[in-house]
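Each reported figure results from applying straightforward, stated rules to the coordinates on display, with no laboratory input. Remember, predicted model here, so these are calculated numbers, not experimental data. Note: ideal-geometry Cβ built from the backbone for every residue, glycine included; neighbour counts use all protein chains shown.
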């Protein structure tokens, strides 16, 4: 422990606070009748749209093919993920102050596991919305599912769905990269001594 | 072949500047008016509908019709004047008047420049002025003008829309009374009205000026140095009341009345105005409650010229002047003497000097008549016949329409020299240059609004739409670009750069802001209530169903109000509603809006209702049933959605 505070680690953990400022992911639907597209933003704690009416408008479109309504209040992850992020921020700050490479490594691995779990969870929700269709749907296209891509672009009937990380996703990635650099640096300084 | 074409185009291009006809010119005209699919026009143009009572909105230079805004006439297409919310807009002191003759649209101004907030327009027949909100393109206020007959010289705003004005084209007994028509000279008077806009943009009559019983034809307010004055043309200074086409055309000169409204404000403050008992209505539409209400006023302030020196002067003007137009500097006041070949131009500076020197020919009912030679700036010897209206470009040129010789003549302000002339098809009335009656004309285009169509389009029987022509006025010579039919009979028009308006145009009405007394905000609140024989159906619409869509327990003789709230909050998702057998029009409800259809069921049976605006893939399924029973029936009121009652 050559330095009292690992500043890289401190920055890496504090970056997580930005997840409450920027959305993680953005899914944009475009069709000829929607020249500007309809964008849905997935945050750590909420789902929003271009404006306060976007979810209603997406739900109206979705009900023709029998998709469930997207009701953010019914998605428990949006309630407990914020606590996990706050915990990881606090833990990361503590680790930065200890500057213990084992603890940094543990924090990094935990974040990676959480990240993978989060993406898998996102996929499951997408799968559920895309496949769990009402059998009374007015428009049924045999063999058709409406799961948006996890990452990339896909045509869903007349809509082109683009799904990409937003600023929050980038911040999360940057946090993990920084903590990895913090881990490496921490090892080098140890070996040098 | 390609080379040949290239050569032809090249050589033609070389001559193109001078050519005014031929195939190349047609191609270049086509390019100038071509607005590619999906692209927007450069200007909004607002044309009055004349006897249609409405305003039509066009894009320029394409000449594409964008919208018809109902103003003074009921419009079954939009439910205007049919739904309960807009019926009060057409109230007058005579009751519900479902039609008027809309003449002169006028954009609101700030510092003498059209600002895109409102459009005003006069109703000629039952004197009224309407105000349209250009963020929603809806009529939001209509005020009735008392002591007037034929509100023609209106609305013509002042530089900051402090006022819009009204003048009486038909003098009438003031106040109205039952007298012999032959007593015209004794009993008939004119009224020049100034309608003030308050901070919220609401209109009310500030004062009327009592003037001799002539016909007050058109008006324009001063600008720049002449800000504070409004000019009205008069004819029938002969004060005839029959066979006016002859009898009102005898005097060599009639007048332009110059009213100093800032002086009028002083006299008002001094308490010089008399309160005349009368009755007039103000109808206001509120964009949050989506409802209009009528207010009745029972008196009006009247200023009498004999008691208010300096309030009004007459400028002698030859040959029954029609339009009066003030150039962008505010110095020149153009009188378009409709029975002559020439235009008379007065000078504002000379007018002020003549007033200071008391250079008066005579005084009529307390109104000094200024000496003609003392106010005359110049005469435009046009070579045409029947000048009606003049507009201006940004380069010091004026353009005047000639009804009889069917042409537009371009002339230089100041030198009065004629620069160019272009034929119109046929018999042009007003013309419109975007910003052409303001301090800063955009110029570029000129629209001639013609009165006679005849062979210009495919024939459509005896009745044809009127015709408009678009000219490019950016060069030395006017170039006709386009010919397009218009709605009703456009009199005047207004044009404004699209950018001033388009970004302020609303897409929806926020449901949360809806304060309609009978709105509901969700399907959960949908219900039917009875109070005696009044039944209120609180209904919602959203793609693709109404809630409720099965209703029973309505009886013959009931007074049924269907309050439909459109829950949609997406752009361009209106829903309509119509009920079989209802002696009414449809509703057409915008997102977030509530409108009410009134229905008196006549016979027992089951009545379908449905959405009339193709809203979605399941629009054809957007329908329901209302069961109507005998008046004596004891079927209980009940309703449902998605299940049997």
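Structure notes:
- Cα centroid separation, the range B:489-522 to the range B:138-215: 29 Å.
- Amide N proximity, the range A:85-114 versus residue A:4 label position 7 Å along Cα-to-Cβ, cut-off under 15 Å: A:96-99
- Degrees separating the helix B:2-16 axis from the principal Cα axis of chain B, which is the longest one: 50
- Average partner coverage of A:54-66, which counts Cβ from other chains inside 10 Å: 3
- Label-to-label distance, residue B:426 versus residue B:452, with points set 7 angstrom from Cα along the beta-carbon direction: 0.4 nm.
- Alpha-carbon centroid distance for the pair the range B:258-332 / the range B:36-75, whole angstrom: 29
- Once the chain from residue B:571 to residue B:641 is taken as fully extended at 0.36 nm per residue, the excess over their C-alpha distance is 22.6 nm.
- In nm, spacing of pseudo-spin labels at residue A:124 and residue A:22 (7 Å Cα→C-beta vector): 2.8
- The ranking of B:100, B:483, B:178, B:365 by Cβ neighbour count inside 10 Å, starting from the fewest, reads B:178, B:365, B:483, B:100.
- By definition, a body whose alpha carbon gyration tensor gives a ≥ b ≥ c is oblate when a/c is 1.5 or more and a/b is not larger than b/c, and the range A:78-129 fits this oblate description.
- Cα-based helix-to-principal-axis angle, A:54-63 vs chain A, degrees rounded to 10: 50
- Against chain B, whose longest principal axis is taken from its Cα atoms, helix B:23-33 shows a tilt of about 60°.
- For the protein assembly as shown: rounded, prolate or oblate by the Cα gyration tensor [a/c cutoff 1.5]: prolate
- Our summary gives the range B:43-502 a relative contact order of 13 percent, counting only alpha carbon pairs under 8 angstrom and 6 or more residues apart.
- Label point at residue A:151 placed 7 Å out along Cα→Cβ; residues across the range A:101-124 whose backbone nitrogen lies under 16 Å: A:112-124
- Global geometry of the range A:7-187, whether rounded, prolate or oblate, following the gyration tensor of its Cα atoms and the 1.5 cut on a/c: prolate
- Whole-number percent relative contact order across the range A:1-127, with pairs defined as alpha carbons under 8 Å at least 6 apart: 30
- Projecting label points 7 angstrom from Cα along Cα→Cβ for residue B:534 and residue A:94 puts them 6.7 nm apart.
- What separates the Cα centres of the range B:599-634 and the range A:76-131 is a distance of 56 Å.
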